Amino acid sequence: MAEAASDAAVHHEEDHKAVLDTFSYDNRLPMWFAWATIIWGIVGMLVGVIIAVQMTGLGSTWGPKVLNQEWLGFGRLRPLHTNAVIFAFTGNAIFAGVYYALQRLLKARLWCDGLGWFHFWGWQLIIVAAAVTLPLGISTSKEYAELEWPIDIAIAAVWVAFGANMIGTIFKRRERHLYVAIWFFLATFLGIAMLHIVNSLAVPAGILKSYSVFAGQQDALVQWWYGHNAVAFFLTTPILGLMYYYLPKAAGRPVFSYRLSIVHFWSLVFIYIWAGPHHLLHTSLPVWAQAVGTVFSIILWAPSWGGMVNGLLTLRGAFDKVRTDPVLKFYVLSVTFYGMSTFEGPMMSLREVNALTHNTDWTIGHVHAGALGWVGFMCFGMLYWMIPKLYRTKLKSVPMADLHFWMASLGIVLYVISMYAAGAIQAAMWFKFDASGILAYPDWMAILRELVWPYIGRAVGGLLYLTGAVLCLWNLIATAKQGQPVEDETVQAPPLAREKPVHQVVGEAAAVKGNVFDRMTAFHSLVERWPFALIITASISLVIGGAFEIIPNLVQGSLTPRIETVKPYTPLELHGRDLYIREGCNSCHTQMVRTLRADTARFGDAHMGGVPAYTRAGEDIYDRPFLWGSKRTGPDLDREGLIKNNLPGWHYRHMLDPQLTSAGSIMPGYPHLYDYASDLSDLQARMSTLAGAPMYTPYSEAEITNAEALAAEQAAEVAGRLRKALSGNAEVTVPDDLEDKEIVAMIAYLERLGTDLTRED
Amino acid sequence: MGDAVSIYLLVVAVGLGLFAVAIGGLVWLVRTGQLEDLDTPPLRMLHDDCPATPKESQHG
């Protein structure tokens with residue numbers, strides 16, 4: 001009896017073995033991405049702390065001026081910070097998290113190891129390229145899309161490798177059901193591919209310079225359609241995918257409501273894409289378009305909170321674990337910040353609220369609540385969970401992780417409250433009119449001086465957060481050292497009942513006899529069999545079709561200036577504008593006087609000969625890219641030419657050392673503009689790019705051929721005026737070859753700003 | 001055609017492209033029965049994989 005029973009058991013086991021596939025998960029790729037996450041994270045946060053300290057006045061109101069190195073300027077480092085934390089820190093975390101979770105959810109090894117390593121090294125090279133080019137001032141100036149065109153192409157290629165590897169793995173999966181996290185990952189791939197390609201459409205004017213095919217208001221719309229949806233598809237959907245995998249895993253219980261997670265996914269996918277115009281309220285964008293942005297932003301609140309509740313309630317009955325498990329601590333706070341940010345966002349999209357918060361540091365507080373709280377904490381929690389698993393050990397130090405948690409939490413609170421304070425101060429003072437209806441604080445410096453303490457608070461908060469990240473790195477290294485890396489994890493799972501191989505199905509469809517209609521039906525049913533073929537084909541054709549249909553219209557639209565007096569920039573002004581972009585002036589100065597009295601009264605009404613000073617769409621039709629900006633640490637510059645034309649020499653003194661004209665300014669000096677001669681060798685190439693398809697800026701042949709001579713002529717005129725204005729001024733010295741210097745081109749551009757609308761000729 | 005309208009067509013066209021992709025995905029989800037069982041997937045994802053014995057790993 002006993003023998004028979006054991007015999008049966010053996011047979012049973014053999015049957016069981018026969019139906020199981022044995023295969024391995026690739027753990028090396030998520031491992032490497034995880035290390036890249038924490039290392040780049042520390043780099044990106046360090047740059048953030050450096051620029052936060054600059055904002056307290058380092059190098060301008062205190063500390064050695066020698067720190068005013070050209071490549072350390074705030075305008076150049078700010079894009080480095082934002083790109084590093086978004087694409088390097090968060091990006092690598094997403095890839096680590098996706099590659100680890102995807103294999104396990106699908107019970108399959110990644111489709112292609114080689115593609116995975118192409119993705120890894122490609123992405124790291126892109127990050128290094130960004131870290132080199134941005135401090136050198138090679139930038140498109142479009143926020144979170146500053147990288148120049150060769151890097152943009154590399155991003156597209158690597159991104160496609162990421163998507164192909166995901167989709168390939170889905171094809172060879174052993175689990176029929178696609179868990180909801182995978183849908184979030186797929187939406188990330190598709191969304192970012194589309195946004196990146198459209199927003200990066202530009203014509204090269206050299207190996208490291210390009211001009212956006214969109215101009216002015218159009219460029220602004222495309223940019224913020226991209227900017228907002230980068231938040232949606234890079235900082236929200238992939239992080240939600242991570243949440244729906246790693247939070248249940250760490251809590252050891254299923255997501256509170258799987259149905260709610262599916263509703264959450266679809267509502268985000270359908271709603272997010274229309275909310276972008278809330279970045280452009282009170283601008284020259286048509287009001288109906290602004291309203292669309294506001295309405296969809298408010299609708300977004302509901303599904304976002306559905307997701308937050310779903311995440312938090314996943315811990316139902318396990319909340320006690322939060323006390324002891326640092327991973328859950330990070331997740332709980334992360335999801336809480338998701339809720340907070342997705343409430344605050346819709347509120348900030350209301351016109352009345354937005355009038356007050358837009359361009360102020362409140363917005364900076366909002367994005368950091370999302371980035372440090374929601375995204376950062378989800379990534380740290382994931383690393384603390386994943387690294388011990390990948391090295392088959394336990395986290396080295398739980399108290400150290402707890403310390404990280406509390407330091408980072410305190411850092412966020414300090415950071416965000418400081419920025420709320422700064423934003424409230426800015427709004428209160430910008431919008432304050434006295435009893436007779438005159439601006440109560442016309443002096444910009446009086447407002448800026450009030451921000452010193454909030455800026456110090458922000459720097460301290462950021463430093464705390466950075467220190468926490470360093471503790472995290474130490475803890476993860478110590479954890480890895482005490483464990484053994486499991487590079488290929490061998491597992492077993494039953495195979496998925498295979499469908500017929502592709503060639504057989506195609507053969508059968510081709511063999512269908514009958515009329516044309518029957519044959520077409522046979523092939524159409526093939527497309528339906530492979531949903532991804534359908535999805536990819538449909539999206540590619542829609543995007544390409546849409547673009548080709550619309551771009552000629554765009555060009556036509558911008559051919560005819562709708563304001564008669566608005567003309568393209570002169571060669572020298574164009575060069576000055578490119579320098580303005582190189583220095584990242586748009587990081588702190590807007591060029592958008594909104595349709596608000598607080599804006600028009602402060603930024604130009606008095607100089608406009610009776611018409612209100614708000615920015616008209618028709619004024620920006622030659623602006624490639626647009627330079628509206630999004631943060632107003634310094635004053636708006638859209639009417640700069642009109643406002644400063646009575647103060648000859650002001651700009652020269654201001655950019656040499658801002659303290660000479662504006663005591664207490666936190667703007668760095670730009671002495672290198674006074675040392676470097678303008679490089680006009682490629683000016684003709686830049687102008688003919690702008691004059692060519694599809695932009696057709698109305699530069700004549702003669703203007704392009706004589707670009708350098710025309711620039712020299714205008715430079716001599718500007719330099720002559722500057723010499724006259726500054727003669728006898730003991731504060732500054734004027735070089736003999738002033739007309740050749742970059743500062744002259746910059747001043748020529750600034751003097752042009754805002755003058756077209758009211759000029760007589 | 002004015003600037004504002006034409007750029008809207010581009011953004012709306014691309015937005016609708018994503019919309020169409022999403023609809024296609026949703027239809028596929030429903031038709032392939034992905035949404036029929038919404039109870040066991042959240043439980044199954046919690047299970048760790050059964051590790052293979054070293055001998056069997058040669059097949060992998």
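Which count do you get for residues in the range A:316-345 that are surrounded by 22 or more Cβ atoms within 10 Å (Cβ to Cβ) and under 16 Å from B:Pro42 (Cβ atoms)?
0
Could you go through the range B:44-52 and let me know if any residue there is within 19 Å of A:Arg174 (Cα to Cα), surrounded by 15 or more Cβ atoms within 10 Å (Cβ to Cβ), modelled with pLDDT under 80 and not hydroxyl-bearing (Ser, Thr, Tyr).
Within the range B:44-52, one or more residues are within 19 Å of A:Arg174 (Cα to Cα), surrounded by 15 or more Cβ atoms within 10 Å (Cβ to Cβ), modelled with pLDDT under 80 and not hydroxyl-bearing (Ser, Thr, Tyr).
Filter the range A:590-616 down to the residues that are free of Cβ contacts under 8 Å to residues at least 24 places away in the same chain and more than 18 Å from A:Asp434 (Cα to Cα) and list them by number.
A:Gly610, A:Pro612
Being under 18 Å from A:Asn586 (Cα atoms) and either crowded, with 20+ Cβ neighbours inside 10 Å or within 14 Å of chain B (Cβ to nearest Cβ) (or both), is that true of even one residue in the range A:35-49?
Start the filter on the range A:35-49 by keeping residues that are under 18 Å from A:Asn586 (Cα atoms), which leaves A:48.
With the extra rule that they be either crowded, with 20+ Cβ neighbours inside 10 Å or within 14 Å of chain B (Cβ to nearest Cβ) (or both), the set shrinks to A:48.
Yes, some residue in the range A:35-49 is under 18 Å from A:Asn586 (Cα atoms) and either crowded, with 20+ Cβ neighbours inside 10 Å or within 14 Å of chain B (Cβ to nearest Cβ) (or both).
Considering only residues of the range A:51-66 that are free of Cβ contacts under 8 Å to residues at least 60 places away in the same chain and either under 25 Å from the mean Cα position of the chain (by Cα) or assigned to a helix (DSSP H, G or I) (or both), which is surrounded by the most Cβ atoms within 10 Å (Cβ to Cβ)? Spell out how you get there, then give the answer.
Narrowing the range A:51-66 to residues free of Cβ contacts under 8 Å to residues at least 60 places away in the same chain: A:51, A:58, A:62-64, A:66.
Okay, now just the ones that are also either under 25 Å from the mean Cα position of the chain (by Cα) or assigned to a helix (DSSP H, G or I) (or both), so A:51, A:66.
Numbers: A:Ile51: 22, A:Val66: 8.
Only one residue tops the list, namely A:Ile51.
Being surrounded by fewer than 22 Cβ atoms within 10 Å (Cβ to Cβ) and in a helix (DSSP H, G or I) is the filter here, so list the residues in the range A:19-30 that pass it.
A:Arg28, the sole residue that qualifies.
Within the range B:38-50, restricting attention to residues that are assigned to a loop (DSSP other than H, G, I, E, B) and within 7 Å of chain A (Cβ to nearest Cβ), which residue is farthest from A:Tyr100 (Cα to Cα)?
First pass over the range B:38-50, keeping only residues assigned to a loop (DSSP other than H, G, I, E, B): B:38-40, B:45-49.
Then keep just the ones that are within 7 Å of chain A (Cβ to nearest Cβ); that gives B:38, B:45-46, B:49.
Values: B:Leu38: 23, B:Met45: 13, B:Leu46: 14, B:Asp49: 13 Å.
Among residues in the range B:38-50 that are assigned to a loop (DSSP other than H, G, I, E, B) and within 7 Å of chain A (Cβ to nearest Cβ), the one farthest from A:Tyr100 (Cα to Cα) is B:Leu38.
Quick check: is even one residue across the range A:718-734 surrounded by fewer than 17 Cβ atoms within 10 Å (Cβ to Cβ), free of Cβ contacts under 8 Å to residues at least 60 places away in the same chain, β-branched (Val, Ile, Thr) and not in a loop (DSSP other than H, G, I, E, B)?
No, the range A:718-734 contains no residue that is surrounded by fewer than 17 Cβ atoms within 10 Å (Cβ to Cβ), free of Cβ contacts under 8 Å to residues at least 60 places away in the same chain, β-branched (Val, Ile, Thr) and not in a loop (DSSP other than H, G, I, E, B).
Among the residues of the range A:258-275, write down those that are of a type in the set (Ser, Thr, Tyr) and either buried (at least 24 other Cβ atoms within 10 Å of the Cβ) or over 21 Å from A:Leu186 (Cβ atoms) (or both). First the steps, then the outcome.
We begin by selecting, within the range A:258-275, every residue of a type in the set (Ser, Thr, Tyr); these are A:258, A:261, A:267, A:272.
Matches in the range A:258-275: A:Ser261, A:Tyr272.
Name the residues in the range A:276-292 that are in a helix (DSSP H, G or I) and surrounded by fewer than 24 Cβ atoms within 10 Å (Cβ to Cβ), would you?
At the first step, the residues of the range A:276-292 found to be in a helix (DSSP H, G or I) are A:276-280, A:287-292.
A:Val287, A:Trp288, A:Ala289, A:Gln290, A:Ala291, A:Val292, listed by residue number.
Scan the helices (runs of 4 or more DSSP H) fully inside the range A:356-447 and keep the ones with 2 or more residues being within 19 Å of A:Tyr331 (Cβ to Cβ). Show your work before the answer.
Details: elements: A:361-368, A:377-390, A:398-430.
Of the helices (runs of 4 or more DSSP H) lying wholly inside the range A:356-447, those with at least 2 residues that are within 19 Å of A:Tyr331 (Cβ to Cβ) span A:377-390, A:398-430.
If A:Leu710 passes every condition in (1) without any contact (Cβ under 8 Å) to a residue 24 or more places away in the chain; (2) over 21 Å from A:Asp675 (Cβ atoms) but one, which one does it miss?
Among (1) without any contact (Cβ under 8 Å) to a residue 24 or more places away in the chain; (2) over 21 Å from A:Asp675 (Cβ atoms), the lone unmet condition for A:Leu710 is (1).
Does A:Ala88 count as buried (at least 24 other Cβ atoms within 10 Å of the Cβ) and either among the aromatic types (Phe, Trp, Tyr) or outside the structural domain of A:Glu583 (by TED's automatic domain parsing) (or both)?
yes
Of the residues that make up the range A:484-491, is at least one within 15 Å of A:Met31 (Cα to Cα), touching a strand residue (DSSP E or B) at 6+ places or on another chain (Cβ under 8 Å) and part of a strand (DSSP E or B)?
Yes, the range A:484-491 contains a residue that is within 15 Å of A:Met31 (Cα to Cα), touching a strand residue (DSSP E or B) at 6+ places or on another chain (Cβ under 8 Å) and part of a strand (DSSP E or B).
Is one or more of the residues making up the range A:698-711 under 30 Å from the mean Cα position of the chain (by Cα), of a type in the set (A, V, I, L, M, F, W, C) and closer than 20 Å to A:Arg624 by Cβ?
Going through the range A:698-711, the residues under 30 Å from the mean Cα position of the chain (by Cα) turn out to be none.
No, that holds for no residue.
Taking A:Val255 as meeting all but one of (1) farther than 30 Å from A:Gly216 by Cβ; (2) hydrophobic (A, V, I, L, M, F, W, C); (3) away from chain B (no Cβ under 11 Å), write down the number of the exception.
Looking at each condition in turn, A:Val255 falls short on (3).
Here are the criteria: (1) surrounded by 24 or more Cβ atoms within 10 Å (Cβ to Cβ); (2) closer than 26 Å to A:Pro277 by Cβ; (3) in contact with a Leu (Cβ under 8 Å, 6 or more places away or on another chain). Tell me which single one A:Asn359 does not satisfy.
Going through (1) surrounded by 24 or more Cβ atoms within 10 Å (Cβ to Cβ); (2) closer than 26 Å to A:Pro277 by Cβ; (3) in contact with a Leu (Cβ under 8 Å, 6 or more places away or on another chain) one by one, A:Asn359 breaks only (3).
Of everything in the range A:737-754 that's hydrophobic (A, V, I, L, M, F, W, C) and in a helix (DSSP H, G or I), which residue is nearest to A:His672 (Cα to Cα)? Walk me through it before giving the result.
Just the residues of the range A:737-754 that are hydrophobic (A, V, I, L, M, F, W, C), to begin with: A:738, A:743-748, A:750, A:753.
Okay, now just the ones that are also in a helix (DSSP H, G or I), so A:738, A:743-748, A:750.
Values: A:Leu738: 13, A:Ile743: 9, A:Val744: 12, A:Ala745: 13, A:Met746: 12, A:Ile747: 14, A:Ala748: 17, A:Leu750: 18 Å.
So, considering only residues that are hydrophobic (A, V, I, L, M, F, W, C) and in a helix (DSSP H, G or I), the one nearest to A:His672 (Cα to Cα) is A:Ile743.
Name, by its number, the condition in (1) surrounded by 23 or more Cβ atoms within 10 Å (Cβ to Cβ); (2) not in a helix (DSSP H, G or I); (3) not polar (S, T, N, Q) that does not hold for A:Gly137.
(1)
The values are calculated or read from the model by the stated rules, or taken from the named source; none is laboratory data. Owing to the predicted nature of the structure, the values given are computational and were not obtained by experimental measurement. Methodologically, a virtual Cβ is constructed for each residue, glycine included, from the backbone with ideal geometry; neighbour enumeration extends over all protein chains shown.
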